[in-house]
Amino acid sequence: MKIKEKIKKYLKSFTKDLLDEEIEIKVANPNLDTKKIKDYPLVKGKEILLRANFKGNFGDCFTNSPTVFKGKIKDILKHENISCQIACLNAVMRYYGIIENTRHCTSNYPEKCAKKFVEYVKDNFSPEKVGIIGFQPAFVREFSNEFDKIFVTDLNPENVGSVKYGIKVLDAKYNPEIIKCCDVVLITGSTIANNTFNKIYEKCKKYKTNYIFYGTTIAGIAHLLKLDRFCPFSD
């Protein structure tokens with residue numbers, strides 16, 4: 001599945017005038033509370049949050065390639081950075097009322113989200129083994145307190161091999177094994193921006209493993225593909 005092509009096709013399906021509309025993309029700071037958790041990728045500078053503004057409606061996308069843009073939507077579709085296109089998609093779909101929760105939460109809401117996520121997973125899946133694809137410190141901390149068998153993978157070599165909140169972070173090459181053995185996997189929405197989505201999604205389907213994508217990045221694509229997404233405290 002080519003995410004870029006899906007975004008282009010969808011945006012072109014609106015009125016032709018939409019492509020001539022102006023949109024602006026900037027780097028955003030969600031001002032996360034770091035009193036208890038200091039290793040958010042955003043805070044450490046390992047990831048950047050891009051935010052598109054379309055007529056006062058916002059759409060976010062995590063990336064490691066900071067970009068700014070101001071111009072027409074048709075020019076975004078030619079942009080080499082898929083993160084800009086994802087942020088654009090989220091903002092446009094938000095403007096038309098198709099999706100909600102497209103702007104990243106602030107302060108200590110990731111910690112509140114983690115607690116709510118634990119309850120959601122317990123209520124809906126009652127799992128013995130939980131996989132977390134993409135190191136999200138608030139989630140890893142909260143889930144490790146509630147479940148005995150947690151498996152975490154990440155792409156960042158600085159995290160791989162380290163122990164975070166009592167859990168050893170594994171290399172993302174182990175994603176297939178994690179997906180196969182777990183009852184449910186929680187997957188960062190950033191997978192659609194870093195070119196890992198297809199392999200992860202296909203493995204979930206192959207092994208019939210329950211999955212939930214989380215975050216604002218995947219808001220639009222989750223709607224288009226009818227994927228389960230968890231992001232209760234985003235705006």
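Volume per residue for the chain equals 112 cubic angstrom (convex hull of Cα atoms).
Taking the C-alpha atoms only, the angle from helix 197-207 to the longest principal axis of the chain is near 50 degrees. How far, in degrees from 0 to 90, does helix 137-146 lean away from the longest principal axis of the Cα atoms of the chain, to the nearest 10? It is inclined by approximately 40 degrees.
Taking only the Cα atoms of region 73-148, the ratio Rg/Rh comes out at 1.11, with Rh defined as the Kirkwood radius. The Stokes-Einstein estimate for region 109-230, based on a Kirkwood radius over Cα pairs and taken at 20 °C with 1.002 mPa s viscosity, is a diffusion coefficient of 151 µm²/s.
Charged neighbours of Lys55, selected by a Cβ distance under 12 Å, balance to -2 (K, R count +1; D, E count -1). Among beta bridges identified by DSSP and lying wholly in the chain, the antiparallel ones come to about 45 percent.
Read-outs: derived from the displayed coordinates by stated rules, not from any lab. From a predicted model like this one, the values you see are computed outputs, not experimental measurements. FYI the Cβ positions are ideal-geometry reconstructions off the backbone, even for glycines, and counts take in every protein chain you see.
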